[in-house]
1. Test of understanding: among 104, 89, which residue is of a type in the set (Asp, Glu) and over 13 Å from the mean Cα position of the chain (by Cα)?
2. Look through segment 201-232, keep the residues that are of a type in the set (Ser, Thr, Tyr) and part of a helix (DSSP H, G or I), and return whichever of them is nearest to residue 175 (Cα to Cα).
3. Please go through segment 184-203 and pick out each residue that is touching a residue at least 24 places away in the same chain (Cβ under 8 Å), of a type outside the set (Gly, Ala, Ser) and touching a helix residue (DSSP H, G or I) at 6+ places or on another chain (Cβ under 8 Å).
4. Looking only at segment 1-57, count how many residues are under 17 Å from residue 117 (Cα atoms) and among the small types (Gly, Ala, Ser).
5. Note down all Cβ pairs under 6 Å where the first residue falls in segment 10-28 and is at pLDDT below 90, the second is not aliphatic (A, V, I, L, M), and they're at least six residues apart or on different chains.
6. Are any residues in segment 193-234 among the aliphatic types (A, V, I, L, M) and surrounded by fewer than 15 Cβ atoms within 10 Å (Cβ to Cβ), and if so, which ones?
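The values are calculated or read from the model by the stated rules, or taken from the named source; none is laboratory data. All values derive from a computational prediction rather than experimental measurement. Here the Cβ positions follow ideal geometry from the backbone for every residue, glycine too, while neighbour counts run over all protein chains shown.
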Amino acid sequence: MVNTKSRPFHGILIYRQNYREHDMLVKFFTAEAGKKMFLIRGARRPKFKMTADLLPFSYGTYDGTLKKQGLSYIATADHVKHFSQISADLMLNAYATYIMGLLDAAFPDGVAVSQWFDKLFYALNLINNGFDPAIITNIVEVQLLPVFGVAPEWHHCAVCGRTSTTYDYSEQFGGLICERHFAADSHRLHLAPRTIYYLQLFSTVDLTKIGKIQVNQRTKDQLQQTLDQIYDHDVGLKLKSKRFLRQMKQWSLTPK
């Protein structure tokens, strides 16, 4: 049975596009019903009353009809805010867009995953408040891997189950391997101990309890190379937002 009754919901705007002459399609990640696509009639008309409530990186409480099938509808908006620093900074915008793209790819529409609604909000809030966007993005990437069906072993040797002080990452064995098995994988990633430490930390860290994280550039580079390889080879996900983020990093490295 389709629910046609208007009701309030909490949403984070993750995607929008023009639709027909005056309308707009807007996708929200909602706390109550997961991802939902909404048809906003008249959104492109002058003096549309909810224009500011449907800007990129908006979040808050909306009232509308959440349909099980097809497009949903929004009637009013209340207590809507914006991640203003993300909106104003192209690099922060790129990281936030990629994170939202990851969640859009990870979950089917209409499936409530309230814990990931919370994680998305806190990740965006941390980036908006000045935390390193690359590190926050890496945390989300690590914690989303099991959702994509890839669950690396981060805390024991993937071969023998032993807890060790020396590990490396092995795609072949699906996680960390201890030094006893280094010779078994000639393509292991040769990660520095500090990189291993952060991969282990990121797999369990609570985004709501992050106070400060400072990671040197060499470790950040290894973390990103490792996660890029896992997402490219094991997850097989190639988002346009990821390509754009990589291009932006190349722009910043290009000599002027």
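1. 89
2. Ranking the candidates gives 226 first.
3. 189, 191, 194, 195, 198, 199, 202, listed by residue number.
4. Selection size over segment 1-57: 4.
5. Pairs found: none.
6. 201
Yes/no matrix, rows are residues, columns are (1) more than 26 Å from residue 121 (Cα to Cα); (2) charged (D, E, K, R); (3) modelled with pLDDT of 95 or more:
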{"site": "182", "(1), (2), (3)": "yes, no, yes"}
{"site": "199", "(1), (2), (3)": "no, no, yes"}
{"site": "210", "(1), (2), (3)": "no, no, no"}
{"site": "218", "(1), (2), (3)": "yes, yes, yes"}
{"site": "224", "(1), (2), (3)": "no, no, yes"}
{"site": "243", "(1), (2), (3)": "no, yes, no"}
{"site": "255", "(1), (2), (3)": "yes, no, no"}
